[in-house]
Amino acid sequence: MWLRVSCNLVFDIEIPTPFILMLRPRSGAQQWIERDEFKITPNTPITEFTDDYGNLCQRILAPAGQLSIYTTADVETSEVLDLDFGAPFVEIQNLPNDLLCYLLPSRYCESDRFNDLATSITANYLPGFNQVAAIEDWLRNTISFIPGSTAYPISATEVYNKKCGVCRDLAHLGIALCRSLSIPARMVVGYLHELKPMDMHAWFEAYVGGRWYTFDATQNGPKGGYVAIGYGLDAADVAVFNQFGPAVYPIHQEFKVERIKC
């Protein structure tokens, strides 16, 4: 399916403020970017770099006054999620070197605290995809997805204790559970077609059977229409904007996902 995604952010800047943005999707194994636009008003010098996770990031020094950032892209992505029950667990010694970081505890995913729970959830399931699918089902049935319930990132431990959270929170707990079983898992942020309410979305991917698979406990079942913007260990790595200096929040933000052709 072909989707047109867009993001419109407006800030009121009091003093010149450095920003790092992560707003441009890149082509990869599961999506193809046919066209994209990136506009900043007023016209502001911008530089782009690729971070340690392969994300496209933009640096600007925002001038004082109103700042508008608009991005849009036409993306080909799958209409259905790939499912591969039986895809095997990849032994640690056979993992690519650049995936080893996704096995370790991180700021919001304390995987060293969840081995007993993960073992209990996945008992009697085949190692690999089936274990992750069991974790996804457990999250869907145990942790309530409540948009707007947390205003800032919370850790997997906090999510487990609270028993509810936003998409980012469910992803953190899913990642921690996977890593506790030595399954590489990473956070993904981006767009989802027909998400309600429409906003930036977060989900997680797990590496089994020699590739990454998408898992999202906030949805009732597998569906396509995902457009990834950023990947990382957890939410600390995938913010669509980071600013430095006095706190700055959007005075307007709007995200859209439209189907443009089959």
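The values are calculated or read from the model by the stated rules, or taken from the named source; none is laboratory data. Only a predicted model underlies this, so the values are computations on that prediction, with no experimental measurement involved. All Cβ positions, glycine included, derive from the backbone under ideal geometry; neighbour counts span all protein chains shown.
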May I ask you to verify whether Asn8 is touching a Gly at 6+ places or on another chain (Cβ under 6 Å) and surrounded by 14 or more Cβ atoms within 10 Å (Cβ to Cβ)? no
Strands (runs of 3 or more DSSP E) wholly in segment 12-61 with at least 3 residues that are at pLDDT 95 or above, under 14 Å from Thr72 (Cα atoms) and out of contact with any helix residue (DSSP H, G or I) (no Cβ under 8 Å at 6 or more places or on another chain) - which ones? 31-41
So, restricting to strands (runs of 3 or more DSSP E) that lie completely within segment 197-262, which ones have at least 2 residues that are among the polar types (S, T, N, Q)? 241-243
Does at least one position in segment 103-115 carry a residue that is more than 18 Å from the chain's Cα centre (by Cα), buried (at least 18 other Cβ atoms within 10 Å of the Cβ) and not small (Gly, Ala, Ser)? yes
Taking segment 67-90 and the residues there that are outside any loop (DSSP other than H, G, I, E, B) and either β-branched (Val, Ile, Thr) or without any contact (Cβ under 8 Å) to a residue 60 or more places away in the chain (or both), the one that is nearest to Trp212 (Cα to Cα) would be Thr77
A careful count of residues in segment 123-132 that are buried (at least 22 other Cβ atoms within 10 Å of the Cβ) and either on the phi < 0 side of the Ramachandran plot or among the basic types (Lys, Arg) (or both) gives 3
Among the numbered criteria (1) without any contact (Cβ under 8 Å) to a residue 40 or more places away in the chain; (2) crowded, with 16+ Cβ neighbours inside 10 Å, which one does Lys196 miss? (2)
